[in-house]
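Participant: This is the structure I have questions about; it appears just below.
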Amino acid sequence: MSRGKPASVVTTGHAHALYVHGKSPVHRLPPECKVAALLVFVIAVVATPPRAVWAFGLYAAIAAAVLAVSGVPRRVVARRAVVEIPFLLFAVMLPFLGPPPDVAVGPMELSTVGLWAAWSIVAKGTLGVLASIALTATTEVTDILEGLDRLRVPRVFTDIAGFMVRYLDVILGEQRRMRVAMLSRGYDPRWWWQARALAASAGSLFIRSYERGERVFFAMTARGYQGHMPRFAREEAGARSWVLALALPTLAAAVALATATWLETPR
Amino acid sequence: MTTPALEVVDLCYRYPDGTEVLRDVGFHIHPGERVSLLGPNGAGKTTLVLHLNGIIEPDSGTVRVAGLPVVPEHLMEVRRRTGVVFQDPDDQLFMPTVWKDVAFGPANYGLEGEALAARVGAALESVGMTEVAQRPPHHLSLGQRRRVAVATVLAMEPEILVLDEPTSNLDPASRRELATVLTGLDITMLMVTHDLPYALELCPRSLVINDGRIVADGSTADLLADAELMAANRLELPLGFDPRVVVPRAG
Amino acid sequence: MHIPDGFINGATSAGAAVVAAGAVGAALRKSGQELQRRMVPMAGLVAAFIFALQMLNFPVAAGTSGHLLGGALAAVLLGPSMGLLAVTVVVVLQALVFADGGISALGLNVLNMAVVTSLVGWGAFIGSMAILRKRTSSVVVASFVAAAISVIASSIAFAFEYAIGGQGGAPVGTVFTAVAGVHTLIGLGEGLITAATVAAVLVVRPDLVFGARRYELETSIQVSRRGAVAGFVASGLAAAVLLVVFVAPFANPNPDGLESTAEQEGFIDTAADNSVGGPLAGYGVTGIDSATVGTVLAGVVGVLLTFLVGLLVFRLFSRVDQSRLDRSPGPP
């Protein structure tokens, strides 16, 4: 083989495939600012009572604005947002399962509580997903980890996470190779009761990944690796970056505080 | 008598399950020399390489790199001095871009900013890979990845460059490109290889290892012309290749 | 079973976050020791492996999905504190990077999927090893038990949180039965995969298995019939007990215990009374309590399934014998 590994995307997301290359202001923000912004925004969204529908409109506008500025194509965002479908399905069922009092919607009797609950889950969940996409499409995973490191997340975490991201490539690669080998011999396990083959191959996948990972670890040690990734001389984030990153999330937080204090939290 | 770039004395090592791998291995390499390490599969070549930068600790014997003994206290410095290029470039290219991979080594030794950028630039230029600096390594061809892997090690300015099977799986054109690069470097070199014509072309001197022992040490041309030695150590020349006719490159 | 934002109320999320942070903090202190630090690359590998395993999703009736958790595997391979940290890393990165699980629900998810699974898994592992013969094969059996029990414990934790703070409106019974039911199955699958992975690693690199290092083991990877049966009886009984103890209050439409707490929270409309929906309502037969029927059914199903899978696992591992062990290959 003369070309490198195929740039294939595996299921929910191969780390490199999440990042969408670009030079937007969002891309250029230091990772620690973006992670902090994400956290503030999400907490604001979640703290807002579901009945303050207008607040969610504002949050959606914020998320849309950030994504627009980042230059990430809409269809890419849509494709990533697919991860939330399972809980959307759950939310859809709630108006049917919830307790009375009911409200008539067309031919159906839907529970009011259930409707508000469904709205809450859909709104908050979707906003959370969109905010996360804004981060991961504009920041490489290794940079996200560096951002966490600068936010004073304990070193053990970011070290393990660093290895995890690296090993993920290794494992997915080995998994693909093993699958090709199995398929080439006519074996295509898809069903639950074929667990035996799956279980057996899980064990050998682990060993092969470990041995390959060990070689990667040797290569890293041979170049002076001492447990954490070196800083490639990026300057500390300046005040300007922080202000830029946190402006909109702070607005969201203010709105959340306002709605939470002045509105009754519904059941 | 100058300090040898690499000095191995009576090295012995067994695997955890007890198999003897290296038995009293000993040799010197002087600064500026280019030496190839030949031998059949299972002879212990890669295990030996892993001893040279302290990844494996021997059961007995010593290794010195430019006079510095390979012991736990000196490992960081040893690893800077012994630049090992492993067989599989994918094991060594683990950063998102080529630039970061080449910068990884020197950055671990404290280089940053302008000095780091200069070092990376020089390393990439010496292997002819400057234009791919911002690309992800897995987008490059195998030959390119091999050269980038060499750059990642050169960036640490080592005393000796150790290469493990640098030509395996390379197409003839890439093989040539790599040979040009390696010849152009002003560095001491130890090359583990099966590729006997390559060894003849690039390394005036060769060591032959078999069953954990060094069984020959001399001029590559002489060793390859010794049919008995070759047969005894499972070394085979390609069909039609006559070492007495081929003129090795100036080392 | 990654909980999204808005699914569980803020108070419960915050409470769970505090508990999770405490556990993680304790694990961090233990991991500071040198011996533990050397396990970091291995912890990363285990984390990546678990992440890859979690991509296998099993849809649950209630619209969420269940998947393998991996906490027990992490605990057996890395020990309880490093194992807990490894799975925590998985959960946190999934939330941050893959939008799998809400960021505000991070405390809940870390608690359910990292803390509960690794600690309960470790406890079950130690407990099993205490009663089994000190053999390498016992480590395999104990890993199976640990994984199965850890998954069930995790789903119970989830149900508990939903009962206290669920923003659903859906009856706790419905959610719980669906979630716990599927996770019983998942637990058995996870038991299989955990046991298989541990077995594979034990064969080639026993030094990598933390759980095995604690004991002086006779090396025999062959699972003894008695050991296997003992292990599976234990996990079957444990599964049944857990289900019986926790299903009953949820299923009972005349509630006490947890569900009454949920009512006091204003979460379930008290006027709803016996007309609270859920699949168990259909079981109502005059004179027979639907709760009892549901409980007994769940318990029986759980035990039967465990034995069935237990037989499968036994057959799988009884073929692994000494002659099939590869030599530790080492570099060429």
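The values are calculated or read from the model by the stated rules, or taken from the named source; none is laboratory data. Keep in mind that this is a model prediction, so the values were computed, not measured. Methodologically, a virtual Cβ is constructed for each residue, glycine included, from the backbone with ideal geometry; neighbour enumeration extends over all protein chains shown.
Participant: Just for helices (runs of 4 or more DSSP H) wholly inside region C:153-260: which have at least 2 residues that are at pLDDT below 60 and within 28 Å of A:GLY203 (Cβ to Cβ)?
Facilitator: C:225-251
Participant: Turning to a different aspect of this structure: Out of everything in region A:92-125 that is closer than 12 Å to C:GLY6 by Cβ and buried (at least 24 other Cβ atoms within 10 Å of the Cβ), what residue ends up being farthest from the other protein chains (Cβ to nearest Cβ)?
Facilitator: Step one: filter region A:92-125 for residues closer than 12 Å to C:GLY6 by Cβ, giving A:94, A:116-125.
So of that shortlist, the ones also buried (at least 24 other Cβ atoms within 10 Å of the Cβ) come out as A:94, A:117-118, A:120-121, A:124-125.
Values: A:LEU94: 5, A:ALA117: 4, A:ALA118: 8, A:SER120: 5, A:ILE121: 5, A:LYS124: 3, A:GLY125: 4 Å.
Per the stated criteria, the residue is A:ALA118.
Participant: Being part of a strand (DSSP E or B), more than 30 Å from A:GLY173 (Cβ to Cβ), aliphatic (A, V, I, L, M) and modelled with pLDDT of 90 or more: is that true of B:VAL35 here?
Facilitator: Working: part of a strand (DSSP E or B): yes; more than 30 Å from A:GLY173 (Cβ to Cβ): yes; aliphatic (A, V, I, L, M): yes; modelled with pLDDT of 90 or more: yes.
Yes.
Participant: Condition test on A:PHE56, is it aromatic (Phe, Trp, Tyr), over 23 Å from C:ALA14 (Cα atoms) and more than 8 Å from chain C (Cβ to nearest Cβ)?
Facilitator: Numbers: aromatic (Phe, Trp, Tyr): yes; over 23 Å from C:ALA14 (Cα atoms): no; more than 8 Å from chain C (Cβ to nearest Cβ): yes.
Against the criterion (aromatic (Phe, Trp, Tyr), over 23 Å from C:ALA14 (Cα atoms) and more than 8 Å from chain C (Cβ to nearest Cβ)), A:PHE56 does not qualify.
Participant: Moving on. Return yes when B:GLY240 is farther than 21 Å from B:LEU50 by Cα and part of a strand (DSSP E or B) and no when it is not. Before you say what the answer is, go through the steps one by one.
Facilitator: Numbers: farther than 21 Å from B:LEU50 by Cα: yes; part of a strand (DSSP E or B): no.
Against the criterion (farther than 21 Å from B:LEU50 by Cα and part of a strand (DSSP E or B)), B:GLY240 does not qualify.
Participant: Can you pull out every residue in region B:124-151 that is within 12 Å of chain A (Cβ to nearest Cβ) and either small (Gly, Ala, Ser) or under 19 Å from B:ASP164 (Cα atoms) (or both)? Explain how you work it out, then say what you get.
Facilitator: Going through region B:124-151, the residues within 12 Å of chain A (Cβ to nearest Cβ) turn out to be B:132, B:134-146, B:148-149, B:151.
If the condition is that a residue be within 12 Å of chain A (Cβ to nearest Cβ) and either small (Gly, Ala, Ser) or under 19 Å from B:ASP164 (Cα atoms) (or both), then B:SER141, B:LEU142, B:GLY143, B:GLN144, B:ARG145, B:ARG146, B:VAL148, B:ALA149, B:ALA151 are the ones that fit.
Participant: Within region B:1-37, track down each residue that is free of Cβ contacts under 8 Å to residues at least 24 places away in the same chain and either within 14 Å of chain C (Cβ to nearest Cβ) or in contact with a Gly (Cβ under 7 Å, 6 or more places away or on another chain) (or both).
Facilitator: Pass one, region B:1-37, residues free of Cβ contacts under 8 Å to residues at least 24 places away in the same chain: B:1, B:15-19.
Scanning region B:1-37 gives B:TYR15, B:PRO16, B:ASP17, B:GLY18, B:THR19.
Participant: Name, by its number, the condition in (1) more than 30 Å from B:MET230 (Cα to Cα); (2) within 12 Å of another protein chain (Cβ to nearest Cβ) that does not hold for B:ALA173.
Facilitator: (1)
Participant: Taking the stated definitions as given, is C:SER118 within 14 Å of chain A (Cβ to nearest Cβ), in a helix (DSSP H, G or I) and in contact (Cβ under 8 Å) with a residue 40 or more places away in the chain?
Facilitator: Values: within 14 Å of chain A (Cβ to nearest Cβ): yes; in a helix (DSSP H, G or I): yes; in contact (Cβ under 8 Å) with a residue 40 or more places away in the chain: yes.
Against the criterion (within 14 Å of chain A (Cβ to nearest Cβ), in a helix (DSSP H, G or I) and in contact (Cβ under 8 Å) with a residue 40 or more places away in the chain), C:SER118 qualifies.
Participant: Oh, and also: Looking at C:ALA26 and the list (1) modelled with pLDDT of 90 or more; (2) surrounded by fewer than 24 Cβ atoms within 10 Å (Cβ to Cβ); (3) within 24 Å of C:PHE125 (Cβ to Cβ); (4) within 20 Å of the chain's Cα centre (by Cα), which single condition is not satisfied?
Facilitator: The single condition C:ALA26 does not satisfy is (4).
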